2 protein chains.
Amino acid sequence: MSVTIKDIAKLAGVSHTTVSRALNDSPLINQETKEKIRLLAAELNYTPNYNAKSLVLDRSYNLGLFFSTLHTGTSAGFLYEAIKGVNDVIQDRYNLIVRGIDDYTSFHKVNRKSYDGIIVMSQSATDQSFIEYAAELEIPLVVLNRQIENVQVMNMVPDDKRGAYLIVEYLITQGHRQIAIIEGKQNFKSTQARREGYQEAMEAYQVPLSVDYQQQGNYDLESGHMAMTQLLQLENRPTAVFCCNDDMALGAIKAITEKQLSVPGDISVVGFDDHIFSGFMTPALTTVRRPIEQISREGAAKLLSFIESKQVEKETIFFHTELVIRESVTNISGGIQ
Amino acid sequence: MSVTIKDIAKLAGVSHTTVSRALNDSPLINQETKEKIRLLAAELNYTPNYNAKSLVLDRSYNLGLFFSTLHTGTSAGFLYEAIKGVNDVIQDRYNLIVRGIDDYTSFHKVNRKSYDGIIVMSQSATDQSFIEYAAELEIPLVVLNRQIENVQVMNMVPDDKRGAYLIVEYLITQGHRQIAIIEGKQNFKSTQARREGYQEAMEAYQVPLSVDYQQQGNYDLESGHMAMTQLLQLENRPTAVFCCNDDMALGAIKAITEKQLSVPGDISVVGFDDHIFSGFMTPALTTVRRPIEQISREGAAKLLSFIESKQVEKETIFFHTELVIRESVTNISGGIQ
DNA sequence: CATATAGCTGCACACGTTAACAACGAGCAA
DNA sequence: TTGCTCGTTGTTAACGTGTGCAGCTATATG
């Protein structure tokens, strides 16, 4: 069917070995024959069979980009930035295979022969077994976004806790003391980190915590809406709400305006992530920027270097989160800026 | 290094052929030996080398999901829904390789040996050469989202034109006659289809078209903001704006509120796509639902059936777009509902 | 002149798997 | 007994590529 190096060899009157070497630019081959063969290959529209190459070279040319899940809890923006970042780096040197870890019933198909390297975009501790599996098989590995415990890997994560601290601190400096939190999905590590940032900021400024002000969400729009509806029924309504991501903030704002209240006039709302649309909402959302695309890009670059040098490093690198001040918070401190 | 069928054969005291047959559940093999070998394979943690399998079976187990671009013009929601839809269908029978077509300088690496099938999520005519290439190589192929001309393929597309017609018709029935359009990215086919739907509705109801009301955008937030800013400077401001996607609608609303005007009080705004966040904006956006996830799912299913039956169909299937009425349009017809 | 050397090419095998075909023993019929 | 069939297993080649080693020729070296 398709043309192989043997076909080229026959036509060029040489052995297939010579063709192989010519196409791989081996220094052993005479310059003239090399060019002749390459010309011929181009004419015949030859494309190497990567399955055969993979077999003998023991390289698959595949990189895996694994998400905790592709069903719920992974926002579109997150997926987008991650794929974009990785894709930019690997160019067309590798195939990028995208999967949700929870789609696997067994990890059988994930192994050294099938993947030259793996990027785990981890959002939840449910990945732990997968990460341990990959680490044990000694597949070059980079784990992004979630900080990993108990297993030594290359780990690149945004400093969620600090970001949460910064934005809650900001609310406090704007005079707020009744600050509620709408939390993310239960077993996501990010949920915990952001909650801790919230708590630490509150404690640092000696603002009392209240259980009434602590609402559970799951990172999606509806859950933000529901949680905010709960908060609005409190006798002692909060003056500001820290939503653990922008999607929930959007849902919360919806709930507030439905009650004929205004943001930030009556209640201030802040988010986390800095989604693409957050600057365009009304009011524009004050939030925390989390550099997912940058992390993806640098993670992919690290992985490539591991594969090429056949050496891996194992450390945890934090990436700065950054306060993005827009319009969804009002100053209620009475004149003091 | 890793365990092969030959290793198993040696331990079981049989030939590697027998092992291969046992693991592939061949009827030729005695039930007892079959079970013995399988047990042994499980104990040894055997995983087949898919590169070798691929070579001899001439199947790569790879499916390609190709987007026009991953850089600009592809919204996060679109990417998300497409990947989710396809992923759900293929389970772990195939690897899903995600790429932007514009990342390729040459299509060399895309061929029958490397891909069992290809899904093109086409947004722009710039894909045309890629689609023709894939069709010529006779790789099982499904082209989604954009209607293709000049080349016979399986083509599944949302009925954009009808969707645009419906929403503009809706604006007209709500009493609007000064209706502007903010168009999408220049060479995207969807841009053209939506513009046509707009024009046909206007003509059907004998509403005059004005060049002033025709603005160029490129499907992103900023372009919607800019285009709307232009429209607001017109002496004879439109009373309603049809934005060719929800992102631009969001940008447009931003521009309107910045001028201290309200939506829909002063100007009605509608979008297209029904993004996840559109129902949660303030005001909730009236828009057109485009069933991308459904198309992806059915497209993937079709592709799998092509691969398995080794027979391809070639037709164009339209998927219903659907008007989603929310709160961003006001009735100005003076009492007549 | 013989011999070493550099430059280039081919032979033969390997990678791990599947599959066509041959082969073997048991059971059965003639 | 012979011959045939059935059920099971092994032999061998094939898929398309890369590579260690041997071998060839022409040139340089002593």
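The values are calculated or read from the model by the stated rules, or taken from the named source; none is laboratory data. The shown structure was predicted, so the numbers you read here are calculated from the model rather than taken from an experiment. FYI the Cβ positions are ideal-geometry reconstructions off the backbone, even for glycines, and counts take in every protein chain you see. Please note that ligands, DNA and RNA were not included when accessible areas were found on the heavy atoms of the full protein model with its side chains. Shrake-Rupley method; radii C 1.70, N 1.55, O 1.52, S 1.80 Å.
With the cut-off at 1.5 for a/c, could you classify the protein assembly as shown from its C-alpha gyration tensor as rounded, prolate or oblate?
The shape class here is oblate.
Treat every Asp and Glu Cβ in region A:160-290 as -1 and every Lys and Arg Cβ as +1, leave all other atoms uncharged, and give the resulting dipole magnitude about the Cα centre to the nearest 20 debye.
I would put it at about 160 debye.
Put the label 7 Å from Cα along Cα→Cβ for B:Val151; what are its distances to the other copies, in nanometres, shortest first?
Taking the point 7 Å beyond Cα along Cα→Cβ, the inter-copy spacings are 4.2 nm.
At 222 nm, what helix-only mean residue ellipticity would the protein assembly as shown give, in deg cm²/dmol to the nearest 500, using -39500 (n - 2.57) for each DSSP H run of four or more?
Helices in the protein assembly as shown give a 222 nm mean residue ellipticity of -12500 deg cm²/dmol.
List the distances, in nm and shortest first, from the label point of B:Gln128 to the matching label points in every other copy, placing each point 7 Å from Cα along the Cα-to-Cβ direction.
Reported distances to equivalent positions: 5.6 nm.
What GluC sites (Glu not before Pro) in region B:72-138 are in a loop by DSSP, with at most 14 other Cβ atoms within 10 Å of the Cβ?
Those that pass, being in a loop and sparsely packed, are B:Glu138.
Can you figure out the FRET efficiency of A:Phe107 with B:Glu43, using R₀ = 25 Å and their beta-carbon distance, to the nearest 0.05?
0.90
Of A:Arg38, A:Arg146, B:Arg326, which has the most accessible area with a 1.4 Å probe, and how do the rest follow in descending order?
Of A:Arg38, A:Arg146, B:Arg326, the descending order of accessible area is A:Arg38, B:Arg326, A:Arg146.
Can you work out the accessible area per residue across region B:5-48, with the rest of the protein chains kept in place, probe 1.4 Å, in square angstrom?
The answer is 66 Å² per residue.
For A:Lys161, which lysines qualify as cross-link partners when the Cα separation must be under 19 Å and same-chain residues fewer than eight apart are set aside?
Those lysines meeting the cut-off are A:Lys185, A:Lys189.
Across peptide A:214-221, what mean number of C-beta atoms from other chains lies inside 10 Å of a residue's C-beta?
The per-residue average across the peptide is 1.
Calculate, for A:Glu35 and A:Gln311, the FRET efficiency according to 1/(1 + (r/R0)^6) with r their C-beta to C-beta distance and R0 45 Å; round to the nearest 0.05.
Given R0 = 45 Å and the Cβ-Cβ separation, E is 0.75.
Contour minus end-to-end for B:Asp25 and B:Ala52, with contour as 0.36 nm per residue of separation and end-to-end as the Cα-Cα distance?
Residue separation times 0.36 nm, minus the Cα-Cα distance, leaves 7.9 nm.
Please determine, in degrees from 0 to 90 and to the nearest 10, the orientation of helix B:31-43 with respect to the longest principal axis defined by the Cα atoms of chain B, where the helix direction is its Cα long axis.
70 degrees
Per residue of B:102-110, what is the mean number of Cβ atoms on other protein chains within 10 angstrom of that residue's Cβ?
What the average comes to for B:102-110 is 3.
Please say if region B:160-290 is rounded, prolate or oblate, where rounded means a/c under 1.5 for a ≥ b ≥ c the square roots of the C-alpha gyration tensor eigenvalues, and otherwise the choice is prolate for a/b larger than b/c and oblate otherwise?
Verdict is rounded for region B:160-290.
Mind giving me the nanometre distance, one decimal, between the label points for A:Lys10 and A:Gln230, set 7 Å out from Cα along Cα→Cβ?
Here the modelled spin labels are 7.3 nm apart.
Got a sec? Which residues of region B:38-61 lose 50 Å² or more of accessible surface with every protein chain in place, vs. that chain alone, 1.4 Å probe?
B:Thr47, B:Tyr50, B:Asn51, B:Leu55
I need the shape label for chain A. Rule: rounded when a/c is under 1.5, else prolate if a/b > b/c, else oblate, with a, b, c from the alpha carbon gyration tensor.
Prolate, because a/c is 1.5 or more and a/b exceeds b/c.
Using the heavy atoms of the protein chains alone and a 1.4 angstrom probe, what is the accessible area of region B:160-290 per residue in square angstrom?
Roughly 37 Å² per residue, with all protein chains present.
Each residue of region B:154-162 in order: what ³J(HN,Hα) in whole Hz does its phi give by Karplus 6.51 cos²θ - 1.76 cosθ + 1.60, θ = phi - 60°, with x for Gly and Pro?
6, 9, 10, 9, x, 7, 4, 4, 5
Roughly how many nanometres apart are two label points built 7 Å out from the Cα toward the Cβ at B:Glu200 and B:His71?
For B:Glu200 paired with B:His71, the spin-label model returns 3.4 nm.
On the accessible surface of the protein assembly as shown, probed at 1.4 Å, how many percent belong to carbon and sulfur atoms?
48 percent
Taking K and R as +1 and D and E as -1, what net charge do the other residues with C-beta under 9 Å from the C-beta of B:Tyr50 add up to?
Its environment carries a net charge of +3.
Going through the cross-link list B:Lys36/B:Lys310; A:Lys6/A:Lys34; A:Lys6/B:Lys53; A:Lys113/A:Lys310; A:Lys113/B:Lys109; B:Lys34/B:Lys302, which pairs have a Cα-Cα distance over 25 Å in this structure?
B:Lys36/B:Lys310; B:Lys34/B:Lys302
On a 0 to 90° scale, report how tilted helix A:292-309 is relative to the longest principal axis of chain A, with both axes built from alpha carbons and the result rounded to the nearest 10.
30 degrees
Hey, what angle do you get for helix A:76-90 against the long axis of chain A, alpha-carbon based, 0 to 90 degrees rounded to 10?
In chain A, helix A:76-90 runs at an angle near 30 degrees to the longest axis.
Per residue of A:84-94, what is the mean number of Cβ atoms on other protein chains within 10 angstrom of that residue's Cβ?
Across A:84-94, the average partner-chain Cβ count within 10 Å equals 3.
Nearest 100 Å², what total accessible surface is buried between chain A and chain B (probe 1.4 Å)?
5000 Å²
Taking amide H positions as placed in the peptide plane 1.01 Å from N, state which residues far from A:Gln216 in sequence (5 or more) or on other chains have amide H under 5 Å from it.
Long-range HN contacts for A:Gln216: A:Glu183.
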